[in-house]
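S.K.: Pasting a structure below so you can have a look.
Here, each number is a calculation from the coordinates, and none is a lab measurement. Quick caveat, the model's predicted, so the values are computed rather than measured. Cβ sites come from the backbone with ideal geometry, for glycine too, and all protein chains shown count toward neighbours.
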Amino acid sequence: MKMRLCGILSVLLAVLCASALPVPVSAAGGDRPVTAENVANGTYEIEAETLNSSMFRIVACTLTVTDESMSAHVTLSAKGFGKLFAGHGADADHGDGSEISVFSEDGEGRHTFDIPVSALDTPIPVAGWSIKREKWYDYDVVFHADSLPDGVVAKSGNSWILPCAAGCTAAAVIAVFAVRGSRRRKKKQGDAA
């Protein structure tokens, strides 16, 4: 009975240990946003995708993370947009204009912009000002954390579980050996009698 109980306890503790292993903050499916607190400071190439338009296409993007804030330097495929705003176009003209990024040209003549990034792996509203039509268009952009270099995105997990489970597993192993030892002693005593 004690052996069976120790075996069951060992299996349960092994499952607990496996469930406590660190996993990336954001799964490949992007079901959890990754905030700046989970990304190491630095500048990284990152993939960005526009979800709701092929007219607003990001062809290159650099993410800069500094002291719990993130910003992206984005390069668009075309020259049709003169300004970008991290938010909805309806809100772009209500501020003092400091939140609006006006384009600059890269070496190939493409328009580049700097915008704040609130989180990775979640759609972020970005409005683009059409030079030709002179109005804002709303887009949803996702910056993909899984395109960052290994080790840049912090791992999460229940850090207290693993040491606890390891200690419990060690206790279970000691208990198994103790039960075996007591059975052997009883058997030897029975054989000697």
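S.K.: Rounded to two decimals, what ratio of Rg to Rh does the range 60-150 give with C-alpha atoms and a Kirkwood Rh?
M.R.: Computed over Cα atoms, the ratio is 0.96.
S.K.: How far is it, in nm, from the label point at S54 to the one at K135 when both lie 7 Å from their Cα along the line to the Cβ?
M.R.: Roughly 2.3 nm, to one decimal.
S.K.: Could you tell me what fraction of 2.2 N^0.38 Å the Cα radius of gyration of the range 43-113 comes to, as a two-decimal ratio? Don't skip to the answer; put the middle values down first.
M.R.: On the way: Rg = 12.7 Å, N = 71, 2.2 N^0.38 = 11.1 Å.
Working it through for the range 43-113, the quotient is 1.14.
S.K.: Let me ask you something else. At a 10 Å Cβ-Cβ cut-off, how would you order V117, V59, fewest neighbours first?
M.R.: On the way: V117 24, V59 12.
So the residues, fewest neighbours to most, are V59, V117.
S.K.: Moving to a separate point now. For the residues K188, K79, what sequence is obtained by ranking on other C-beta atoms within 10 Å, fewest first? Display every interim value, and only then the final one.
M.R.: On the way: K188 10, K79 13.
Taking fewest neighbouring Cβ atoms as first place, the list is K188, K79.
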